Structure formats: C-alpha cells, structure tokens
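The values are calculated or read from the model by the stated rules, or taken from the named source; none is laboratory data. Computed from a predicted model, the values in this text were never measured in an experiment. Every residue, glycine as well, gets a Cβ built from its backbone with ideal geometry; the counts of neighbours run over all protein chains shown. Just the protein is used for accessible areas: all its heavy atoms, side chains included, with ligands, DNA and RNA removed. Shrake-Rupley method; radii C 1.70, N 1.55, O 1.52, S 1.80 Å.
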Amino acid sequence: MQISSDSSSYRLNSKLTDNSVVCLMAPTASGKTALAYELYDTGRYELISVDSALIYRDMNIGTAKPTATELARYPHHLVDIIDLMQSYSVAEFVRDVARLIDSCHENGKIPLLVGGTMMYYMALLDGLSPVPDSDESVRARVEQWRQEEGISALYDYLGKIDPISHERLNATDTQRITRALEVYLQTNIPISDWQKKPKKALAHNPNQNWHALAVMPDRPWLHKRIEQRLDIMWNEGLVAEVIGLLEQYPLTPNLPSMRCVGYRQVLEYLVHINHPVFEQAHLDKAQFYDAFGQLDASISGQIRSERAAQLAVQAPEHTSRTEALACQQMQNKALYATRQLAKRQYTWLRKLTQLSDLSDDVSNDDKQIDNAITIKTFDTMAQVRDYLY
C-alpha cells in the first residue's frame, strides 16, 4: 500500500525523534530504493545516497541510478557529485554526511541514508582512523611509479616499509596498495600504525539518535533479483554506455570509477573483441590491454582473426559466433561479480550488526551502543517499513 504524502495520514514510529538519523542498509537489488521513495513521500525524510558508484556523473545504467525524472521527484544528496576521473575518499564521504545531517535536521527532516556501500556505513557507525588525506603530488608520484614498474614493485616495497599491510593486502589490490604507499611517503608512518589509532564515529554524536536498519533477504530471492536487474541493464545498453564513456573521457582501467561491477566486465569484453574505441587518441590503449589482455587470450585471438576476415569480405556488421561467446562470458562474469558483491555486503552487514556484540536475530529488542545507536536486522523491506511507521 502506498502511503500518502499527507503528513496526517501516517504515524511516525515514536522512537524516531526529530534528531534521528536512519540508515537503510541492504545488499544490491534488494528493494531499498522503492522503500526510500515511499518514505520520502511522507514528507518526513531527506534522502542521502550511500553508494560509491552513484557519485559519478554519466554512469547511469550500470549503477542502476535513478532516472532524471526520479531524481527530480525524489532528490538524493551525494548523487552525480564528481566526474569519472576523480576520486572520493571515505573521509570525504563522512564529512559530507556530517554536513548534510545537520542541514536535514535544520530543515525539520530526518536524514534517510540509503545504499549498499557497507564500508561507508562502517565508517559512520564504527568510525575512521585518523589517516591523513592523500597529497595530490604524492598520489601522482605513486601512480607514475606504478605505471613504470607495475603494481608488483609497489607491493614489494610495501613489504619493506609496512609488513603488516603487506601481509593483509592482496598483491593485486592496486587501490589499497597505492593508498598505503601514499600515506607512508607523505607522513613517514605506515598506514597500519595510523589504523591503530583511536577511532571516532559520526554516529556517536550524543545529540543524535541513530537507527541502523540492516536487511538481509533470502539469498535465492536476491540472486533472482540480481539476474533480472542485469538483464535490464544489458537491454538498456550498458555496453553502449561504457563505449560512450571511453569516447568522452581519458579513462584508465585503474580508476575507481572503472572498477565498479558491471563496468569492469564490459571493459574486459571490449578489449577481448578488440573494439576500435581504444584507438581514441585520448586513451592509453596499452593500459587496457595490459589489464585485460591476458585473460581468455585464445578467445581474444579468435575474435581478432574473425574480425579481420569480416573486414576482408566487407561484412563488418556481422557479429561472429566467437564474439557472441565473449559477450555471453561478459554477462556471466558480471552476474558472478554482482553475486560476489552481494556476498561481501552480507559479510559487512553481519559485521555491522555485531558492533554491539549482541545477537542479530530479527526478533530481538533494539540494540543500544553508547546510548546513541539502535541496530536492528530484518529479513524483508516490509519489516523495515512496519518498523518505521
């Protein structure tokens, strides 16, 4: 049943005081957006996106971003805030949310934080170590080093200056390895030492009442929803969207924006079919082929041979069977990667709900942390809806 926007037509949960902050935490494709829209229509909430992909302009289909019409009716803070070439740290997210929460409360609204980036929620609820922001000049030096010698050289150096991080990180985790080196080169202190320092969470603000509502739906149901949503993305033109982004921006495969699930798999597919978009003057073709060229090399070679044969007979519009196979592999990999993302989100959610060291049984009483945070878990969005009304 849709709730009317007439404020007299609903009864707000008495636990949701005017200084409340509500976090709607759930895995991808679980129905968060629909409930957020319904809550917005009550006139009681403002929406703050907690999604590390929705921050990027022009990445619309693969992020399942609300349409322009939807965003006009249901405004979201922290959507479309940076370009694809930019980065956005967790610390920047926390600072922005702190400002937005104050603004929402000043407007007489309850901030509704909705999204699936669990690392962001953990930063809000559990706190951040006081690791300093990266200096742009240091970041540029580390990136040049990575391009010249490869991530393995950086990983080896990390082992010398920060054995703890070296042991913890995967040797191919470019983002975290480069970040660790940036911090060390900037401060002469290993990032693992910074991470041992006391944390302070935004949610520990004694003047706010936080409600962390975690939804962990049935896995088979969620997997079906994920598959359905990916089908919609393929039909809406995700591949064409990525090609358009490559034509417009000087992208590289190691940008945070290009590591998003779905976009990563499309980039790999385009490399494997030797798509002409990589001949664009503003793209470093070698970087893409170094990142993906070693995967499925036999299929990639077949595709290139068949494409050459097609050009020889003046039939470039024909899609070879091998290229179709590569497309199917792309879709399968995107499905697998999205399911893995959901799996990681469940792991984060369990970690989040255990912050109070209490059971996460849906039938339990509200969990209290520092008298400021209430944590509850649910199986369905309908249960969350009942809790909030």
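Summary table
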read-out: Matching residues in the range 261-283 - criterion: being modelled with pLDDT of 95 or more and open to solvent by 50 Å² or more (accessible area, probe 1.4 Å); value: R264, P276, E279, Q280, A281, H282
read-out: Count of residues meeting criterion [hydrophobic (A, V, I, L, M, F, W, C) and under 13 Å from V261 (Cβ atoms)] in the range 323-347; value: 6
read-out: Unmet criterion (only one of (1) of a type outside the set (A, V, I, L, M, F, W, C); (2) touching a Ser or Thr at 6+ places or on another chain (Cβ under 9 Å); (3) touching a residue at least 60 places away in the same chain (Cβ under 8 Å)) for S192; value: (3)
read-out: Where a residue in the range 320-335 is surrounded by fewer than 19 Cβ atoms within 10 Å (Cβ to Cβ) and its partner, wherever it lies, is at pLDDT below 95, with Cβ under 6 Å and at least six apart; value: S320/E306
read-out: Number of the condition not met by Q186 [criteria: (1) surrounded by 14 or more Cβ atoms within 10 Å (Cβ to Cβ); (2) modelled with pLDDT under 95; (3) under 22 Å from R95 (Cβ atoms); (4) not charged (D, E, K, R)]; value: (2)
read-out: Any hit, the range 288-305, residues being at pLDDT 90 or above and open to solvent by 50 Å² or more (accessible area, probe 1.4 Å); value: yes
read-out: Index of the failed condition, A153 passing every other in (1) within 30 Å of E46 (Cβ to Cβ); (2) assigned to a helix (DSSP H, G or I); value: (1)
read-out: Test: residue in the range 127-138 that is part of a helix (DSSP H, G or I) and either open to solvent by less than 60 Å² (accessible area, probe 1.4 Å) or closer than 22 Å to V215 by Cβ (or both); value: yes
read-out: Of the criteria (1) closer than 19 Å to Q287 by Cα; (2) within 24 Å of the chain's Cα centre (by Cα); (3) touching a residue at least 12 places away in the same chain (Cβ under 8 Å), which one L154 fails; value: (2)
read-out: Positions within the range 32-53 being open to solvent by 20 Å² or more (accessible area, probe 1.4 Å), within 28 Å of P220 (Cβ to Cβ) and assigned to a loop (DSSP other than H, G, I, E, B), in sequence order; value: D51, S52
read-out: Tally, over the range 146-165, of residues that are of a type outside the set (K, R) and under 18 Å from T187 (Cα atoms); value: 9
read-out: Residue match in the range 330-349 (condition: closer than 30 Å to D18 by Cβ and at pLDDT 55 or above); value: yes
read-out: Filter result for the condition that a residue is over 21 Å from A123 (Cα atoms) and surrounded by 15 or more Cβ atoms within 10 Å (Cβ to Cβ), over L238, L202; value: L238
read-out: Test: residue in the range 171-182 that is over 25 Å from the mean Cα position of the chain (by Cα) and farther than 30 Å from A36 by Cβ; value: no
read-out: Looking only at the range 210-235, and only at residues there that are assigned to a helix (DSSP H, G or I), touching a helix residue (DSSP H, G or I) at 6+ places or on another chain (Cβ under 9 Å) and of a type in the set (A, V, I, L, M, F, W, C), the one that is most open to solvent (accessible area, probe 1.4 Å); value: W234
read-out: Hits in the range 105-134 - residues which are over 20 Å from the mean Cα position of the chain (by Cα) and under 18 Å from R350 (Cα atoms); value: none
read-out: Residues located in the range 241-260, provided they are open to solvent by less than 20 Å² (accessible area, probe 1.4 Å), more than 23 Å from Y336 (Cβ to Cβ) and out of contact with any Ser or Thr (no Cβ under 8 Å at 6 or more places or on another chain); value: L246
read-out: Qualifying residue in the range 163-171 (condition: closer than 20 Å to S89 by Cβ, open to solvent by less than 40 Å² (accessible area, probe 1.4 Å) and at pLDDT 95 or above); value: yes
read-out: Lone qualifier among L124, L158 - being at pLDDT 95 or above, over 30 Å from I375 (Cβ atoms) and either of a type in the set (K, R) or open to solvent by less than 40 Å² (accessible area, probe 1.4 Å) (or both); value: L158
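Yes or no, residue by residue, for (1) of a type in the set (D, E, K, R); (2) assigned to a helix (DSSP H, G or I):
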site: L71; (1), (2): no, yes
site: D80; (1), (2): yes, no
site: A91; (1), (2): no, yes
site: V94; (1), (2): no, yes
site: V97; (1), (2): no, yes
site: I101; (1), (2): no, yes
site: V114; (1), (2): no, no
